[in-house]
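J.: Attaching a single structure in structure tokens format; questions to follow.
The values are calculated or read from the model by the stated rules, or taken from the named source; none is laboratory data. Note that the structure is a prediction, hence the values are computed from the model and not measured. Glycine gets a Cβ as well: all are built from the backbone with ideal geometry, and neighbour counts include every protein chain shown. The area values use the complete protein model at the heavy-atom level, side chains included, leaving out ligands, DNA and RNA. Shrake-Rupley method; radii C 1.70, N 1.55, O 1.52, S 1.80 Å.
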Amino acid sequence: MWKTFLFLLPMFWLVPGEPKPDHSAAEVNFCDTDNYTWQGGEEITYTLYYQLNFIWIPAGEATFKVKDMGDRYFISVDGKTISAFEWFYKVNDRYESVIDKKTLLPLYFSRDIQEGKYVWWDKFNFDQKNNVVHATKGWPDKPTKYYTAELSGCMHDMISIVYNVRNVDFSQYDPGDEFGVKVFVEEEYPLSVEVRQKNVEQKIRGLGKHNTHLIRPQVVSGHFFDDDTRMDIYLSADGNRIPLMIESPVSVGKVKAVLTAYKGLKYPLVAND
């Protein structure tokens, strides 16, 4: 269940290791993205819920932090189970991404995973100029794996793609249109994102009513997701384009991530009257 939560928040489009999906949507040019929706100092926290018999149970928390480092951004994501849930399954995961400020392309990505007795880590060094990534995968009880992979160009990681999608110009799309993204997680994944609704009022738990854009990124079927599952991501239809709520069905029940704390936003986040 917790892995499902973690794949919700960095737009959590895919489960690594599963077959690649077909990619027929028009690809957005994420090679040199202008950033007009977020800034250094932004910090946002989500509470992660699991639905059990019509009751939403808080099970975890994830916090995203953006640090301005001059010519680049350092973005970290920390995910953990809440104390009341640790008896069932304790998680303490960390994701990091270093992004070039001019292009918003990743230079470095890492994830350190501690889920119960399962511990491993990945480190990716992106050479965007030569379209290659140098990667390391490690475990405490196995030899470290080193490998290099060729990229098709303008490649993103699990974190950088979230912040790039926030800068999509939704005025160019009608409901039902799709655009494509590319993410590298041990291998390259081309995936599509559907623009489901635009500027529609949505009630968000604890935040009131907000005008939102509803998008549905494609996920890769696997242990948690059925074939053709689409998770719903409600982005604020203001200058921030911040994910306010993410919902998805899973094999049993539903999971949901809700924005519960924020600071350092580029623009005020104001609920409708």
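J.: Arrange the peptides 39-51, 164-176 so that the one whose residues have, on average, the most other Cβ atoms within 10 Å appears first.
T.: Highest to lowest by the protection proxy: 39-51, 164-176.
J.: Follow-up. Using modelled amide H (1.01 Å from N, peptide plane; none on Pro or chain starts), what sits under 5 Å from the amide H of LEU244, excluding residues fewer than 5 places away?
T.: Sorted by chain and number, the residues that satisfy this are TYR234, LEU235, SER236.
J.: Turning to a different aspect of this structure: Taking only protein heavy atoms into account and a 1.4 Å probe, give the accessible area per residue of the stretch 106-227 in Å².
T.: 45
J.: TYR146 versus ASP177, label points 7 Å from Cα toward the beta carbon: distance in nm?
T.: 4.6
J.: Beyond a 20 Å Cα-Cα separation, which of these cross-linked pairs lie in this structure: LYS123/LYS266; LYS80/LYS256; LYS123/LYS182; LYS67/LYS209; LYS65/LYS101; LYS101/LYS266?
T.: LYS123/LYS266; LYS67/LYS209
J.: Relative contact order for the stretch 130-218: what is it in percent, counting Cα pairs under 8 Å that are at least 6 residues apart?
T.: Relative contact order for the stretch 130-218 comes out at 19 percent.
J.: Can you give the accessible area of TRP121, probe radius 1.4 Å, in Å² rounded to 10?
T.: Accessible surface of TRP121 is approximately 70 Å².
J.: Any idea of VAL270's accessible area? Nearest 10 Å², probe 1.4 Å.
T.: Counting only protein heavy atoms, VAL270 exposes about 100 Å² to solvent.
J.: Another one. For THR260 and ASN199, calculate 0.36 nm times their separation in residues minus their Cα-Cα distance, and state this gained length in nm to one decimal.
T.: Extra length from THR260 to ASN199 when fully extended: 19.8 nm.
J.: Classify the stretch 117-222 as rounded, prolate or oblate, taking a ≥ b ≥ c as the square roots of the eigenvalues of its Cα gyration tensor: rounded when a/c is under 1.5, otherwise prolate if a/b is larger than b/c and oblate if not.
T.: Prolate shape, in that a/c is at least 1.5 and a/b is the bigger ratio.
J.: Between ASP71 and VAL270, take the C-beta separation as r, use R0 = 41 Å, and let me know the FRET efficiency to the nearest 0.05.
T.: Efficiency at R0 = 41 Å is approximately 0.80.
J.: Another one. With a ≥ b ≥ c taken as the square roots of the eigenvalues of the C-alpha gyration tensor of the stretch 105-177, please select rounded if a/c is under 1.5 and otherwise prolate if a/b is larger than b/c or oblate if it is not?
T.: Judged from the Cα gyration tensor, the stretch 105-177 comes out oblate (a/c at least 1.5, b/c at or above a/b).
J.: Give me the extension gain from GLN114 to GLN39: residue separation times 0.36 nm, minus the current Cα-Cα distance, reported in nm with one decimal.
T.: So the chain would gain 24.1 nm between GLN114 and GLN39.
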